[in-house]
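The values are calculated or read from the model by the stated rules, or taken from the named source; none is laboratory data. Keep in mind the model is a prediction, meaning the values are calculated, not measured. A quick note on method: Cβ atoms are made from the backbone with ideal geometry, for glycine too, and the neighbour counts reach across all protein chains shown.
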Amino acid sequence: METSKYTGIYRAIHWAIAISFLLLLVTIFLRLTWMNKINVAEIIQNYLKDTDQTLSQDQLVVLAKKIRKPMWDWHIYLGYVLVGLFSIRFILPLTGRMRFQNPMVKKLTPKEKFQKWLYIQFYVCVAVSLITGMIIELGPEDLKKTMEEIHILSIYYLVPYIVIHLAGVLIAEFTDRKGIISDMISGPSNKI
């Protein structure tokens, strides 16, 4: 079985990525639920009824989009943060400061190979999400609709991967890798 030591840089990158992903999920959740443009437009419409003012449905949706824009700007900022963090994550193994998840190492157990392939799949999915997000923001107008359709699919891989990751960590903690959680939070302990 492979033993790993979580260096300070590894832990910092891991937790920065984890927090960024969780905050991104919050912006997605808000956009799909309470801050949905139709919900916000309905709240505005209900308010306007009490003031004897009216707006068309199109005007209400435009106003709703303006109200929720600052929240959605955070989604974009977090996307830029993730581009930076994942760039660092992929550059550090080249400098020897962090390991690359290589599933082709002969001495790995089948379980470890599976875990490493899963990480690679996750990194590919994240790369697609980040690239499509950057094209939506900075790319040509004619690609935006297609990129948005691909980008929206991100939610369908992100949540399952987070659940798989957390379940795997808990299983490891209570079976063959006791202390993995505390090692990931505070670094490897010097066990005697």
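Name the residue, out of 120, 91, that is surrounded by fewer than 13 Cβ atoms within 10 Å (Cβ to Cβ) and either within 25 Å of the chain's Cα centre (by Cα) or modelled with pLDDT of 95 or more (or both).
The unique qualifying residue is 91.
Just checking, which of 60, 82 is modelled with pLDDT of 90 or more, under 30 Å from residue 177 (Cα atoms) and surrounded by 14 or more Cβ atoms within 10 Å (Cβ to Cβ)?
82
Please go through the range 1-31 and give me each residue that is loosely packed, with under 11 Cβ neighbours inside 10 Å and not hydroxyl-bearing (Ser, Thr, Tyr), ordered by number.
Result: 1, 5, 8.
What pairs come out if I take residues in the range 176-192 that are closer than 19 Å to residue 14 by Cα and pair them with residues that are modelled with pLDDT of 85 or more and surrounded by 10 or more Cβ atoms within 10 Å (Cβ to Cβ) whose C-beta lies under 6 Å away, six or more apart or interchain?
These pairs meet every condition: 180/172; 180/173; 181/173.
Can you confirm whether the range 92-108 contains a residue that is of a type in the set (S, T, N, Q), in contact (Cβ under 8 Å) with a residue 60 or more places away in the chain, under 19 Å from residue 5 (Cα atoms) and not in a helix (DSSP H, G or I)?
Checking the range 92-108: not a single residue is of a type in the set (S, T, N, Q), in contact (Cβ under 8 Å) with a residue 60 or more places away in the chain, under 19 Å from residue 5 (Cα atoms) and not in a helix (DSSP H, G or I).
Return a yes/no flag: does the range 71-87 have any residue that is hydrophobic (A, V, I, L, M, F, W, C) and in contact with an Asp or Glu (Cβ under 7 Å, 6 or more places away or on another chain).
The answer is yes, given that some residue of the range 71-87 is hydrophobic (A, V, I, L, M, F, W, C) and in contact with an Asp or Glu (Cβ under 7 Å, 6 or more places away or on another chain).
Check residue 69 against each of (1) outside any loop (DSSP other than H, G, I, E, B); (2) at pLDDT below 90; (3) within 28 Å of residue 135 (Cα to Cα) and name the one condition it does not meet.
Going through (1) outside any loop (DSSP other than H, G, I, E, B); (2) at pLDDT below 90; (3) within 28 Å of residue 135 (Cα to Cα) one by one, residue 69 breaks only (2).
So which residues in the range 149-175 are without any contact (Cβ under 8 Å) to a residue 12 or more places away in the chain and farther than 15 Å from residue 6 by Cβ?
149, 152, 153, 156, 160, 163, 166, 167, 170, 171, 174, 175 - these are the residues of the range 149-175 that are without any contact (Cβ under 8 Å) to a residue 12 or more places away in the chain and farther than 15 Å from residue 6 by Cβ.
Taking the range 18-56 on its own, how many of its residues are of a type in the set (S, T, N, Q) and assigned to a loop (DSSP other than H, G, I, E, B)?
Residues in the range 18-56 being of a type in the set (S, T, N, Q) and assigned to a loop (DSSP other than H, G, I, E, B): 6 in total.
What single numbered condition from (1) within 27 Å of residue 7 (Cα to Cα); (2) assigned to a helix (DSSP H, G or I) fails to hold for residue 178?
Of everything listed in (1) within 27 Å of residue 7 (Cα to Cα); (2) assigned to a helix (DSSP H, G or I), residue 178 misses just condition (2).
Filter the range 123-156 down to the residues that are of a type in the set (Ser, Thr, Tyr) and more than 14 Å from residue 82 (Cβ to Cβ), then identify the one that is surrounded by the most Cβ atoms within 10 Å (Cβ to Cβ).
Restricting to residues being of a type in the set (Ser, Thr, Tyr) and more than 14 Å from residue 82 (Cβ to Cβ), the top hit is 146.
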